[in-house]
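A short write-up of the structure that comes next.
Bear in mind that the values in this text are calculations on the coordinates, not laboratory data. Being a predicted model, the structure only gives us computed values, none of them experimental. Every residue, glycine as well, gets a Cβ built from its backbone with ideal geometry; the counts of neighbours run over all protein chains shown.
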Amino acid sequence: MTSSNSAAQIARARWSLIVLFALLGLSYSSWLGRLPTVKEALNLTESQLGVVFLAGAIGSLCCVTIAGHLVVRVGGRTLLTISAVGISVAFILEGLGPTLGSVPLLALGIFLNGCFVALTNVPQNVETAAVERRVGRAILPHFHAAYSIGAVVGALIGAACAAADVPLVTQLSVTAVVTLVVRLVLIPNIVLDTHLSDEERWDRARTARQRRVERAEVRAGIVTPTQPRTLAVLLRSRRASLGQALGAWREPRTVLIGVIIFAAAMSEGSANNWLAIAVVTGFDRPEATGALMLSVFLVSMTVVRLAGTRVIDRYGRVAVLSVSGVTSMVGLIVFGVAPHFSVAVLGIVLWGAGAALAVPLGISAASDDPLKAAARVSVVSAFASSASLAAPPVLGFVAEVTGTRLALTLIVVFLAVGVAVSRNVAPIQRHSSEDTVVPDEKV
């Protein structure tokens with residue numbers, strides 16, 4: 001994999017990544033803005049919808065744990081291209097399910113979407129960290145701001161389509177086709193740290209061919225005594241590669257960053273999944289208003305992500321993460337107990353502002369060491385997927401008893417834990433005398 005790139009390549013990668021992040025946000029949010037339609041079309045309760053959401057979390061968790069290994073094995077370009085096609089197929093299924101009245105078809109679409117988004121997020125986040133290192137200052141929140149901008153556009157598209165009674169399958173199918181074309185054009189521009197050279201591709205293809213030939217010879221009984229040992233060496237090498245990718249799970253700092261991202265993903269993901277429904281059911285507002293409030297949340301996130309990079313450079317990751325967590329907690333409580341809709345809007349703004357920087361800070365911290373970035377980003381992304389696995393059913397069942405708004409305040413507990421371990425996102429300091437990484441006391 002190469003590390004030397006021209007300024008033009010870095011700029012091209014940066015802007016291509018910004019567009020790709022925006023497309024992820026647009027696709028996801030345009031679907032989330034239509035959740036009331038999905039809920040009504042399939043006659044689902046909050047708890048039942050939460051169980052359906054589990055399909056996406058399971059798919060994400062299944063794939064995110066091996067995503068770092070796949071990045072090393074096949075390269076970012078191949079993995080991103082396959083995932084782009086998969087996301088579009090999943091998106092169309094998510095539109096067909098409610099249209100045909102099929103919960104299993106919807107669940108399949110959500111499951112596949114979870115799988116392929118997970119396989120996209122790891123190489124894409126590794127590349128954003130690669131660009132940030134080459135630029136030499138904090139810019140990673142800008143990429144996540146692009147996601148938020150795309151999400152705002154997507155939420156507005158969802159609200160407009162809901163107001164105009166556009167069929168869900170039509171909206172999602174058009175979005176899937178357009179976003180796929182743009183992704184396939186831009187993906188070749190972004191591979192810096194996850195690029196496989198032609199020599200590396202040839203070596204790996206030759207190794208794969210050699211394994212196939214030797215396995216065939218073993219089965220045919222025509223191998224010499226030394227050939228089985230050669231095959232064993234190749235297999236041990238492959239297992240060692242996978243073991244190195246999974247070794248990040250034994251690093252305390254990486255795991256604690258994962259805890260932070262777990263809380264942040266639960267906060268942001270629950271807003272995406274439940275905010276529109278909470279507004280519709282909690283304040284007796286139309287579906288378009290629920291989608292609009294999701295846009296308010298996303299706009300708040302976007303503004304802070306765009307402005308937050310200078311704040312991070314000045315005050316450091318730890319301080320910014322701590323303040324962000326407290327702000328989210330205040331916003332959630334205000335939204336959950338607000339007696340009037342106007343007060344709840346204030347809570348939504350605070351919630352979105354607090355949720356803006358936690359995930360980018362965690363990804364940036366996990367990517368401090370470029371040699372281990374893919375494995376560590378894969379680990380912390382698994383925590384995000386675990387949050388997606390735990391939150392929907394828990395909040396769905398609690399919402400059945402307390403209402404969706406009040407159920408969302410449970411997230412405050414997890415955010416408090418994230419704030420408590422926030423010092424682990426401090427930049428690492430590598431000692432020249434030994435290959436160890438420790439948290440830097442300066443932030």
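Cβ crowding within 10 Å ranks 414, 283 as 283, 414, fewest other Cβ atoms first. Using C-alpha pairs under 8 Å with a sequence gap of at least 6, the mean separation divided by the residue count of the stretch 288-443 gives a relative contact order of 28 percent. Spin-label model, residue 319 to residue 340: label points 7 Å out along the Cα-to-beta-carbon direction sit 3.7 nm apart. Centroid-to-centroid, using Cα positions, the stretch 41-102 and the stretch 280-331 are 25 Å apart. Per residue, the average separation of C-alpha pairs within less than 8 Å and at least 6 apart gives the stretch 78-138 a relative contact order of 35 percent.
Applying 1/(1 + (r/R0)^6) with R0 = 22 Å to the Cβ-Cβ distance of residue 41 and residue 283 gives a FRET efficiency near 0.50. Relative contact order of the stretch 248-349, taken over Cα pairs closer than 8 Å and 6 or more residues apart, is 18 percent.
Across the stretch 257-346, the volume of the C-alpha convex hull divided among the residues equals 93 Å³ per residue. Panel values: the stretch 1-120, Kirkwood radius from alpha carbon pairs, Stokes-Einstein at 25 °C and 0.890 mPa s, translational diffusion coefficient 156 µm²/s. Counted by Cβ distance under 14 Å from residue 174, the other residues give a net charge of 0, where Lys and Arg count +1 and Asp and Glu count -1.
Using the Cβ of residue 103 as centre and a radius below 14 Å, the other residues enclosed give a net charge of -1, where K and R count +1 and D and E count -1.
All C-alpha to C-alpha distances of the stretch 282-322, sorted into 5 Å bins beginning at zero, yield P(r) values of 6, 20, 18, 15, 12, 10, 9, 8, 2 percent in whole numbers.
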